[in-house]
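Please read the structure below before turning to the comments.
The values are calculated or read from the model by the stated rules, or taken from the named source; none is laboratory data. Here the structure is a predicted model, which means the values were calculated and not measured. Ideal geometry is used to build each Cβ from the backbone, glycine not excepted, and the neighbour counts take in all protein chains shown. Please note that ligands, DNA and RNA were not included when accessible areas were found on the heavy atoms of the full protein model with its side chains. Shrake-Rupley method; radii C 1.70, N 1.55, O 1.52, S 1.80 Å.
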Amino acid sequence: MLLDGHPCADGRGLLPLDDPGLTLGMAVFETLRTYGGLPFGVATHLERLAASARFCGIPWSDALADLLRDELGTAAAAIAGESKLNVLLTGGGRRIVRAEDLDLSRAGAPVRVVTRPWVPSPWLPGRIKHTSRMAWVLAARQAGVDEVIWIAPDGVWTEANRSNVFVVRGGVLCTPPDDGRILQGVTRDAMLAAARAIGVGVREDPVPAGPCEELYLCSTLKELAPVVQIDGYPGPGAGPIGAAVLAEFRRRA
Ligand SMILES: Cc1ncc(COP(=O)(O)O)c(C=O)c1O
């Protein structure tokens, strides 16, 4: 783990106890993974991190982007196999880069979810990837499931607490639009590109809650994970369209 470029083990990597990242949960972050040892989608992740940092008033510069790109590469190279990478910028302007062995079993693994009402926050739009997530974590933990899918007041599924949502309806792969309510997932966009490349019909439109042929959560670590239980009932899980898109995504990644 590196704090401001220093290994925490050497005593220089110390986070001040009054950093707003600790006292207010005010920090922004990205989670990446490697494919073939190389971090995937670095430029897109750093663009999203820059947008989140700027929105939250956390210092950002091109020089910082260069440092982070280098540190991510170094951190990934220190892991023998595939790695999970985490980069975090605190409200106090400190940066943390972490790498650990990637748990490959999570990618594409079945997930159980519940649905819960989505409470919009005009002060913190969905496109900001921030660390103030305790309410979301507790919502899933208290329901004893992997994740929570949010239902907006207009009756649509927006996203899950750590993933985007994909459904197959009428043979078309649908996912909610980037309308400010969701995080624009790096994997989501790559999955849409994979679907288009193999001629699967795609729609980025509001997704009304309800029955579907296939239902997935999509994120860096989950890739495309079939939902096998929803609100205590069997979920539609995986199917031929998701399987084909996931295979193409992996081929391209
Ligand atoms: C709320 C939310 N939506 C979507 C995603 C998926 O984003 P990505 O594909 O970039 O991992 C995440 C990832 O952590 C998330 O926290």
Original post:
Of the residues that sit in segment 151-161 and are touching a Lys or Arg at 6+ places or on another chain (Cβ under 8 Å) and farther than 13 Å from D231 by Cβ, which one is farthest from the ligand (Cβ to nearest atom)?
Top reply: A152
Original post:
Could you say which residue among R116, R106, R127, R141 is within 14 Å of the ligand (Cβ to nearest atom), out of contact with any helix residue (DSSP H, G or I) (no Cβ under 9 Å at 6 or more places or on another chain) and either hydrophobic (A, V, I, L, M, F, W, C) or open to solvent by 80 Å² or more (accessible area, probe 1.4 Å) (or both)?
Top reply: R106
Original post:
Looking at segment 21-29, is at least one residue at pLDDT 95 or above and not aliphatic (A, V, I, L, M)?
Top reply: yes
Original post:
Within segment 186-209, is even one residue more than 22 Å from R252 (Cα to Cα), within 12 Å of the ligand (Cβ to nearest atom) and among the basic types (K, R)?
Top reply: no
Subject >> Which numbered condition A244 misses (of (1) open to solvent by 20 Å² or more (accessible area, probe 1.4 Å); (2) not in a helix (DSSP H, G or I)) >> reply: (2)
Subject >> Residues of segment 216-240 that turn out to be buried (at least 22 other Cβ atoms within 10 Å of the Cβ) and aromatic (F, W, Y), as a count >> reply: 1
Original post:
Take the residues of segment 174-189 that are open to solvent by 30 Å² or more (accessible area, probe 1.4 Å) and either touching a His at 6+ places or on another chain (Cβ under 8 Å) or touching a residue at least 60 places away in the same chain (Cβ under 8 Å) (or both): which is farthest from N161 (Cα to Cα)?
Top reply: D189
Original post:
In segment 190-213, what residues are closer than 16 Å to G108 by Cβ and either open to solvent by 10 Å² or more (accessible area, probe 1.4 Å) or among the small types (G, A, S) (or both)?
Top reply: A190, A194, A195
**OP:** Could you look through segment 29-45, keep only residues that are open to solvent by 40 Å² or more (accessible area, probe 1.4 Å) and away from the ligand (no atom under 14 Å from the Cβ), and pick out the one that is nearest to G91 (Cα to Cα)?
**Re:** L38
